Amino acid sequence: MIRATRVLPHHRWDHAAADTVVLGFDDRHRRRMAMTGTRGLEFLLDLENAVALRGGDAVVLEDGRLIEVVAAAEPLAEIRGQDPQHLVRIAWHLGNRHLPTQIMAKALRIRRDHVIEALVKGLGARVIEIEAPFDPEGGAYADAGHAHGQSHAGHDHHDHGEHHHDEHCDHAHHHGHPHAHDHS
């Protein structure tokens, strides 16, 4: 099976793609995985390190052909604030909960989560249920401008200092997967 061993960042490639893979957010964070393009081309994604592929990236096959990565539509909540300052305040609350968040000019997008949706509504935001590609920020530890950092499923490794998440913690810690926080 032919291998894809490199990634070209978001639309920084200039010749036509031989095929396309349409992947949801979770399936775009990979190092090694057998894939089949929409036109039937089978290949093995075989990268040196796991990367967060973004819509518009291309993976390069051993023979030089390109496979375009398209972000699949997913159920999302689009969050609208009353003004930019209000939206920043809401973004702070989402970041404090380590939620993968897509930042847009006038909105924030997160995966559907009724608890978080109730929280932001309580903060005065408007929540709109949509289906759209999800391309959240890579976080502070991602490569500048491209989320190829050391993260797994959208959660960056970070230092909580002396802060521990337990029943005495004053905020929720939802980010889509279990993750122990014993930083002793």
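The values are calculated or read from the model by the stated rules, or taken from the named source; none is laboratory data. None of the values given here were measured: they were computed from a predicted structure. When we count neighbours, we look across all protein chains shown, and the Cβ atoms used for this are built from the backbone with ideal geometry, even at glycine. Side chains are part of the model used for accessible areas, which takes the heavy atoms of the whole protein and leaves out ligands, DNA and RNA. Shrake-Rupley method; radii C 1.70, N 1.55, O 1.52, S 1.80 Å.
The set of residues in the stretch 93-141 being acidic (Asp, Glu), modelled with pLDDT of 95 or more and closer than 20 Å to ASP27 by Cβ consists of ASP113, GLU131. Pairing each residue of the stretch 1-29 that is under 21 Å from ALA132 (Cβ atoms) and open to solvent by less than 30 Å² (accessible area, probe 1.4 Å) with any residue that is among the charged types (D, E, K, R) and assigned to a strand (DSSP E or B), provided the two are 6+ apart or on different chains, yields C-beta distances under 7 Å for THR20/GLU68; GLY24/GLU74; PHE25/GLU74. Note on the stretch 108-126: among residues that are hydrophobic (A, V, I, L, M, F, W, C) and surrounded by fewer than 17 Cβ atoms within 10 Å (Cβ to Cβ), the one that is nearest to ARG54 (Cα to Cα) is VAL115. Can you find a residue that is touching a residue at least 60 places away in the same chain (Cβ under 8 Å) and not basic (Lys, Arg) anywhere in the stretch 102-119? Yes, some residue in the stretch 102-119 is touching a residue at least 60 places away in the same chain (Cβ under 8 Å) and not basic (Lys, Arg).
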